[in-house]
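Chemist: Quick one: structure below, then a few questions.
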Amino acid sequence: MKQLLCISSIADGTPAREIARIAATSRRFNQTAAITGTLVFDGASFCHYLEGPDPALEALLSRLAADPRHERFAVLFEARIEARRFDLWRMGYALPETQAVRLDELRKLSGEAALQQWLLWLPSFELGD
Ligand SMILES: Cc1cc2nc3c(=O)[nH]c(=O)nc-3n(C[C@H](O)[C@H](O)[C@H](O)COP(=O)(O)O)c2cc1C
């Protein structure tokens, strides 16, 4: 099993209603593929933390790389894991009043440092229950 931390920016011209569509597709597909984690959006950038079986993640990565609704897609961190951090898949938001959080800042960090910063932010994300 692997974990991945990815970042991308919403593409110019992507209507806001696409966010709901992305949430619905992700929930359906990730459940059947045993992919867990979170997708957080701050109004400009998406940060994707994914964990699951290698073949399912590989397949998802190639679909993500080809999706025109976002751009500057990059994998910031990738590692093998024994146990999951999340037991389900959730989409949520970085709240604008949390001044410290600008998801795009993660691009300046690489590897483990990006994961650590994301873990520090995690409790401030609005992920629902
Ligand atoms: C920011 C972003 C995150 C996405 N996350 C997922 C995801 O976690 N799981 C998923 O199945 N699709 C996700 N998608 C949608 C995929 O890119 C793709 O549209 C979807 O899997 C359907 O693939 P298909 O159009 O090849 O059938 C995401 C799209 C975007 C723009």
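The values are calculated or read from the model by the stated rules, or taken from the named source; none is laboratory data. Remember, it's a predicted structure, so these values are computed and weren't measured experimentally. FYI the Cβ positions are ideal-geometry reconstructions off the backbone, even for glycines, and counts take in every protein chain you see.
Chemist: Among the hydrophobic types (A, V, I, L, M, F, W, C) and modelled with pLDDT under 95: which single residue out of LEU76, LEU127, LEU64 fits that description? Walk me through how you get there before you give the answer.
Modeler: Details: LEU76 fails: modelled with pLDDT under 95; LEU64 fails: modelled with pLDDT under 95.
Within the list LEU76, LEU127, LEU64, the selection yields LEU127.
Chemist: State all residues of the stretch 99-129 that are among the polar types (S, T, N, Q) and either under 17 Å from SER9 (Cβ atoms) or surrounded by 15 or more Cβ atoms within 10 Å (Cβ to Cβ) (or both); if no residue qualifies, say none.
Modeler: Looking only at the stretch 99-129, we keep the residues that are among the polar types (S, T, N, Q), and these are 99, 110, 116-117, 124.
Hit for the stretch 99-129 is GLN117, nothing else.
Chemist: Could you identify the single residue in ARG72, ARG85, ARG90 that is part of a strand (DSSP E or B), more than 9 Å from the ligand (Cβ to nearest atom) and surrounded by fewer than 15 Cβ atoms within 10 Å (Cβ to Cβ)? Working first, answer last.
Modeler: On the way: ARG85 fails: part of a strand (DSSP E or B); ARG90 fails: surrounded by fewer than 15 Cβ atoms within 10 Å (Cβ to Cβ).
Matching residue, one of ARG72, ARG85, ARG90: ARG72.
Chemist: What are the residues in the stretch 32-60 that are of a type outside the set (A, V, I, L, M, F, W, C), at pLDDT 95 or above and outside any strand (DSSP E or B), if any?
Modeler: Across the stretch 32-60, the qualifying residues are THR32, PRO53, ASP54, PRO55, GLU58.
Chemist: Take the residues in the stretch 10-40 that are near the ligand (Cβ under 9 Å from one of its atoms) and touching a residue at least 60 places away in the same chain (Cβ under 8 Å), then tell me which one is nearest to LEU60 (Cα to Cα).
Modeler: SER26
Chemist: From the list SER62, SER45, exactly one residue is under 16 Å from LEU5 (Cα atoms), without any contact (Cβ under 8 Å) to a residue 12 or more places away in the chain and within 10 Å of the ligand (Cβ to nearest atom). Which is it? Walk me through it before giving the result.
Modeler: Details: SER45 fails: without any contact (Cβ under 8 Å) to a residue 12 or more places away in the chain.
Exactly one of SER62, SER45 is under 16 Å from LEU5 (Cα atoms), without any contact (Cβ under 8 Å) to a residue 12 or more places away in the chain and within 10 Å of the ligand (Cβ to nearest atom), namely SER62.
Chemist: Being surrounded by fewer than 20 Cβ atoms within 10 Å (Cβ to Cβ) and in contact with an Asp or Glu (Cβ under 7 Å, 6 or more places away or on another chain) is the filter here, so list the residues in the stretch 37-60 that pass it.
Modeler: Across the stretch 37-60, the qualifying residue is only ALA44.
Chemist: Something else about it: Just one of ARG63, ARG27, ARG21 is surrounded by 13 or more Cβ atoms within 10 Å (Cβ to Cβ) and not in a strand (DSSP E or B); which is it? Lay out the reasoning, then the answer.
Modeler: Numbers: ARG63 fails: surrounded by 13 or more Cβ atoms within 10 Å (Cβ to Cβ); ARG21 fails: surrounded by 13 or more Cβ atoms within 10 Å (Cβ to Cβ).
It is ARG27.
Chemist: Here are the criteria: (1) out of contact with any Ser or Thr (no Cβ under 9 Å at 6 or more places or on another chain); (2) modelled with pLDDT of 95 or more. Tell me which single one GLN99 does not satisfy.
Modeler: (2)
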